[in-house]
Structures are given as structure tokens and as C-alpha cells.
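Before any comments, here is the structure.
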Amino acid sequence: MQTTVTFDDQQLKNLMFYTHTNNESEAIYKAVQAYLQQAKQRQDLLALRGQVDIEDNWQALRELDITND
């Protein structure tokens, strides 16, 4: 699918820098792929809500760490 998008020149330069590309289309493609991957990971994490039991023992662990130094 093709579409036309208008970007600020500096934003596009930054995008190309951070995606390590020399091609505008490739930079946009990589950015979209990264966004979609993060969105999927976020959904996967949210699906685990309430299913993982995490102990709230960070203070006890910190005390152990301090006493072992």
C-alpha cells in the first residue's frame, strides 16, 4: 500500500539517524515496525495482568544486600 505523509525535515533526519538508515522510506518502515512490536509487547504484558504473583519484598532484599557487603 502506498500513502503520502508529510514530515518535518528535522524529524525525518532524526528518524533516519536513530534507525541507522540513509533512506527515508526505510527509516519510516523501521519506525512503524518498531512501534508495532512495542504495541504487541504492551498488549501481551497487559494480558498477564492479575496472573502473575509478585512478592513485595524489595525492602528485605535490600537489607540482605546491605548486610552482605
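The values are calculated or read from the model by the stated rules, or taken from the named source; none is laboratory data. On a predicted model such as this, the values are computed, not experimentally measured, just so you know. Surface areas here come from the heavy atoms of the whole protein model, side chains and all, with no ligands, DNA or RNA. Shrake-Rupley method; radii C 1.70, N 1.55, O 1.52, S 1.80 Å.
Across the accessible surface of the chain, with the other protein chains kept in place and a 1.4 Å probe, carbon and sulfur atoms take up 51 percent. For the chain, the longest principal axis of the Cα atoms and the long axis of helix 24-47 meet at an angle of about 30 degrees.
What translational diffusion coefficient, in µm²/s and rounded to a whole number, does the Stokes-Einstein relation yield for region 22-65 at 10 °C and a viscosity of 1.306 mPa s, taking the hydrodynamic radius as the Kirkwood radius over Cα pairs? After rounding, the answer is 115 µm²/s. Helix 58-67 against the longest principal axis of the chain: what's the angle in degrees, Cα atoms only, rounded to the nearest 10? Tilt of helix 58-67: around 70 degrees.
Residues in the chain average 101 Å² of solvent-accessible surface per residue, probe 1.4 Å, ligands and nucleic acids excluded.
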